[in-house]
Amino acid sequence: MHLSSLYRFPLKSGSAELLDEGRCDELGLSGDRRWMVVEAATGKFLTQRALPQMTLLHARWQGETALLLSASGMDDLLVPVPDSASIARGVLVWRESLQVPDAGDAAAAWLTRMLDRPCRLVYLPANQGIQVDQDYARLGERTTFSDGFPFLLIGQASLDDLSARVGRLFDMRRFRPNLVISDAAPYAEDGWRRIRIGEIEFRVVKPCSRCIIPTIDPLNAERSPDREPLATLMSYRKGEGGVFFGQNLIAEGIGELKVGMPVEVLE
């Protein structure tokens with residue numbers, strides 16, 4: 001087995017960034033979901049669930065210095081990482097409330113125009129990482145503006161099986177994983193508890209419960225009128241608490257990840 005694809009999502013619910021290599025740091029894949037769009041009035045986070053067009057919003061990580069925003073019909077905008085003097089904004093990520101730096105009026109105006117609703121852009125400093133649910137994690141294990149966990153892994157064979165069941169091919173980006181594994185049996189990841197990719201060990205802590213986002217085509221932001229592939233997933237992947245596809249992971253170290261690295265099941 002090997003790591004066949006590596007994805008980063010610099011902006012929560014923005015488009016995917018396909019990588020050849022990346023660094024695993026204390027919060028997950030370096031640069032993953034460190035930025036987030038929120039409602040201007042309430043600070044509540046915005047996603048493709050309500051705004052499918054966010055999949056057409058391209059955000060490219062420029063390291064710890066900036067984010068580059070681009071979208072069709074819009075001029076590119078380079079947004080500097082907010083400094084210590086930036087205004088702190090109260091935001092809500094599911095049930096997690098926190099105060100994080102606002103990225104300023106230029107970014108807010110750009111996103112308000114692109115998404116056609118008043119919004120703000122916020123940034124998560126590394127020292128403000130969000131504690132992962134301690135039902136699945138240890139105290140001090142943190143993540144970013146993700147939906148709860150630092151990494152999402154999916155087996156390529158699992159998606160191939162799902163596509164065959166539906167009768168058409170689906171892009172892996174619909175499911176927004178960080179790690180894609182090839183040369184494993186379909187849904188083999190369901191039985192893993194610990195794996196090693198390169199030199200980094202990961203705990204496989206929880207199946208990923210799926211929402212409506214996989215029904216959105218990442219290339220054109222259109223929803224599947226037949227609710228696929230979610231409808232088919234519901235026919236054979238439904239369990240207590242949701243419909244599951246992929247596994248959430250927590251890394252037990254830092255280091256480099258590269259496409260092609262071997263994957264070993266430890267437990």
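The values are calculated or read from the model by the stated rules, or taken from the named source; none is laboratory data. Because the structure is predicted, anything quoted here is derived from the model rather than measured. Cβ atoms come from the backbone with ideal geometry, glycine included; neighbour counts cover every protein chain shown. Accessible surface is based on the protein model in full, side chains and every heavy atom, while ligands, DNA and RNA are left aside. Shrake-Rupley method; radii C 1.70, N 1.55, O 1.52, S 1.80 Å.
Assorted remarks:
- Comparing mean-square fluctuations of G73, G155, G255 from a GNM of the chain with C-alpha springs under 10 Å, the top value falls on G73.
- For K238, the lysines whose Cα comes closer than 24 Å to its Cα, not counting residues fewer than 8 places off in the same chain, are K206.
- Residues with amide H under 5 Å from that of S30, placed H, sequence gap 5 or more: R23, C24, D25
- The phi torsions of the range 45-55, fed into the Karplus equation with coefficients 6.51, -1.76 and 1.60 and a -60° offset, translate into couplings of 5, 10, 9, 5, 3, 9, 10, x, 5, 5, 5 Hz, rounded to whole numbers, with Gly and Pro shown as x.
- Charges were assigned to the Cβ only: +1 to each Lys and Arg, -1 to each Asp and Glu. The resulting dipole of the range 108-224 about its Cα centre is roughly 320 debye.
- The charge dipole of the chain, taken about the Cα centre with unit charges on the Cβ atoms of Lys, Arg (+1) and Asp, Glu (-1), comes to about 720 debye, rounded to the nearest 20.
- Rounded percent of accessible protein surface that carbon and sulfur make up, the range 46-100, 1.4 Å probe: 54 percent
- Positive-end ranking of G167, Q134, G155 along the dipole of the range 96-188, with charges on Cβ about the Cα centre, is headed by G167.
- Restricting the range 153-196 to chymotrypsin sites (Phe, Trp or Tyr not before Pro) in coil, as DSSP defines it, with at most 11 other Cβ within 10 Å: none
- Amide H contacts of V243 (H built 1.01 Å from N, in plane; Pro and chain starts excluded): R210 sit under 5 Å, all sequence-distant by 5 or more or on other chains.
- Given 14 as the ceiling on other Cβ atoms within 10 Å, longest exposed-site-free region of the chain for trypsin sites (Lys or Arg not before Pro) in DSSP loops: 1-48
- The string of couplings for the range 239-244 from the Karplus curve (6.51, -1.76, 1.60, θ = phi - 60°) is x, 5, x, x, 10, 10 Hz, one whole number per residue in order, with x for Gly and Pro.
- In this structure, the amide hydrogen of K206, modeled 1.01 Å from its nitrogen in the peptide plane, lies closer than 5 angstrom to those of N248, counting only residues at least 5 positions away or on a different chain.
- Whole-percent carbon and sulfur share, accessible surface of the range 107-244, 1.4 Å: 48 percent
- The alpha-carbon of K44 sits under 17 angstrom from the alpha-carbons of these lysines, leaving out residues fewer than 8 places away in its chain: K12.
- Projected onto their three principal axes, the Cα atoms of the range 1-46 cover extents of 46, 22, 15 Å, largest first.
- For the chain, the solvent-accessible area works out to 44 Å² per residue, with a probe of 1.4 Å and every protein chain left in place.
- If a spin label sat at a point 7 angstrom from the Cα of S182 along the line to its beta carbon, no backbone N atom of the range 7-32 would be nearer than 13 Å.
- Residue by residue, the range 251-266 carries 3J(HN,Hα) couplings of 7, 10, x, 10, x, 9, 10, 9, 4, x, 4, x, 10, 10, 7, 8 Hz when phi is fed to the Karplus relation 6.51 cos²θ - 1.76 cosθ + 1.60 (θ = phi - 60°); x denotes Gly or Pro.
- Our helix-only sum for the chain, with -39,500 (n - 2.57) per DSSP H run of n ≥ 4 divided by its residues, gives a mean residue ellipticity at 222 nm of -3000 deg cm²/dmol.
- The C-alpha atoms of the chain define a longest principal axis, and helix 105-115 lies at about 50 degrees to it.
- When the inverse distances between all different Cα atoms of the range 70-158 are averaged and flipped, the Kirkwood radius reads 15.3 angstrom.
- Within the range 119-158, the ratio Rg/Rh, alpha carbon atoms throughout and Rh by Kirkwood, equals 1.09.
- Two-decimal Rg to Rh for the chain - Kirkwood Rh, Cα set: 0.95
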